[in-house]
Amino acid sequence: MRKIKFTKMQAYGNDYVYVNAMEQQIGNPNDLARKVSDRHFGIGSDGLVLICSSEVCDFRMRMFNPDGTEGEMCGNALRSLSKFVYYHGLTDKTELTIETLGGRQHVKLFVEDGQVVNISADIGRPELRPEMVPVITEQKIFMDQPVRVLDQTFYVSSLSWGNPHTVTFLEDVDTFPVEKYGPAIEKLTSVFPKKTNVTFAQVVSGGKIKIREWERGTGETIGCGTGCCTAVVMAHLLGKCGRIVDVEQIGGTLHVEWDEKDHMHMTGPSHVIYEGEYWYEAE
């Protein structure tokens, strides 16, 4: 048996278990991720984040999904990681670069009276090329394409942040049966050769969007930062909104900006839910 110290943090719906892997030895992170993500353990999360040393950035983030597979990058997980290292004295910097499988990410902390009150993450440029999404299409950009799903036709757009995302715009997301159409779109292998995250979005105004998110392999979530960014990118390309948008989701409203260099910035707070210790069997 091995004991690890962990911190559970939440950023607008995404809650992850964070472990300092620079000071603790993790035997099998894939197995640990499955265990800490099982809500029956009372820890339950969207996954596991290991904070590791990096030769090219301030820190390296390894993120594991609830099924134990290693993921590319999550904007909300990234923002919470920056708060973790600041609060735990691993750095005194308020501007950090974080190494992820999706590339180098940039995070800025806004500190008042020693407290981190807001966190902004530059999660880079969205990939629009079909070979990077990935999506089965002859279109150069898979945008506003009619797709038949069960008994309805949706106009679906897709892009990638290192992991595939789709978005479809609706008149009203509050009453939409996400649990019916979310998994059907996720598993639509005739269009998406890999399972995709699914964002259902409603444009309220040029500066406000509401979303509900179906996360692949998980179900409907109360928040998703990259889902928010996906909605803003495609809404802007379709002429539905500007480049600076507040995105309302069940977990809270995230401020999203697509700058003139085509980098996405997502800003909002993060909260420590609790800290504790966990015993598990490790190799």
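Quick look at the numbers
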| item | result |
| --- | --- |
| Computed accessible area, Arg2, all protein chains, 1.4 angstrom probe, square angstrom | 60 |
| Where Rh is the Kirkwood radius over Cα pairs, Rg/Rh for region 1-120 | 0.95 |
| Backbone HN-Hα couplings from phi across region 245-254 [Karplus 6.51/-1.76/1.60, Hz, Gly and Pro as x] | 9, 8, 10, 8, 9, 4, x, x, 9, 9 |
| Thr97, Thr196, reordered so the largest accessible area comes first (probe 1.4 Å) | Thr97, Thr196 |
| Residue (of Ala77, Thr97, Pro126) at the positive-pole extreme of the chain, dipole from beta-carbon charges | Pro126 |
| Spin-label zone in region 170-202 - amide nitrogen under 20 Å from a point set 7 Å from the Cα of Asp144 along the C-beta vector | 170-173, 199-202 |
| Largest-first ordering by accessible area, 1.4 Å probe, given options Trp214, Trp161 | Trp214, Trp161 |
| Top positive-direction residue, dipole computed over the chain with Cβ charges, set Asn30, Pro269, Gly114 | Asn30 |
| Accessible area per residue in Å² at 1.4 Å probe, computed on region 30-126 | 43 |
| Kirkwood-based shape ratio for the chain, expressed as Rg/Rh from alpha carbons | 0.96 |
| Whole-angstrom Cα spans of region 124-283 along principal axes, big to small | 50, 35, 33 |
| Packing-based order for 78-86, 267-275, using average beta carbon neighbours within 10 Å, highest first | 78-86, 267-275 |
| Centre separation in Å (Cα based) which lies between region 43-65 and region 84-143 | 13 |
| Estimated [θ] at 222 nm from DSSP helical runs (n ≥ 4, -39500 (n - 2.57)) normalised by residues in the chain, nearest 500 | -4500 deg cm²/dmol |
| By accessible area with a 1.4 Å probe, ligands and nucleic acids excluded, highest first: order of His165, His88 | His88, His165 |
| Val149 long-range amide H proximity, modeled H, under 5 Å | Phe154 |
| Whole-percent carbon and sulfur share, accessible surface of the chain, 1.4 Å | 46 |
| Signed unit charges on C-beta, dipole axis of region 178-225, positive-most listed residue Asn197, Gly207, Ile222 | Gly207 |
| Met132 - accessible surface, heavy atoms, 1.4 Å probe, Å² rounded to 10 | 80 |
| 5 angstrom amide H check on Gly71, placed H, neighbours 5+ away | Met63, Phe64, Asn65 |
| Label-to-label distance, nm, for residues given as Val272 and Asp38 (7 Å Cα→Cβ offset) | 2.8 |
| Total charge dipole magnitude, the chain, about the Cα centre, Cβ charges on Lys, Arg, Asp, Glu only, Debye to nearest 20 | 280 |
| Residue among Val203, Val117, Val156 with the largest mean-square fluctuation in a Gaussian network model of the chain, springs linking Cα atoms under 10 Å | Val117 |
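The values are calculated or read from the model by the stated rules, or taken from the named source; none is laboratory data. These numbers were taken from a predicted model, which means no experiment stands behind them. A quick note on method: Cβ atoms are made from the backbone with ideal geometry, for glycine too, and the neighbour counts reach across all protein chains shown. Heavy atoms of the whole protein, side chains included, go into the accessibility calculation; ligands, DNA and RNA do not. Shrake-Rupley method; radii C 1.70, N 1.55, O 1.52, S 1.80 Å.
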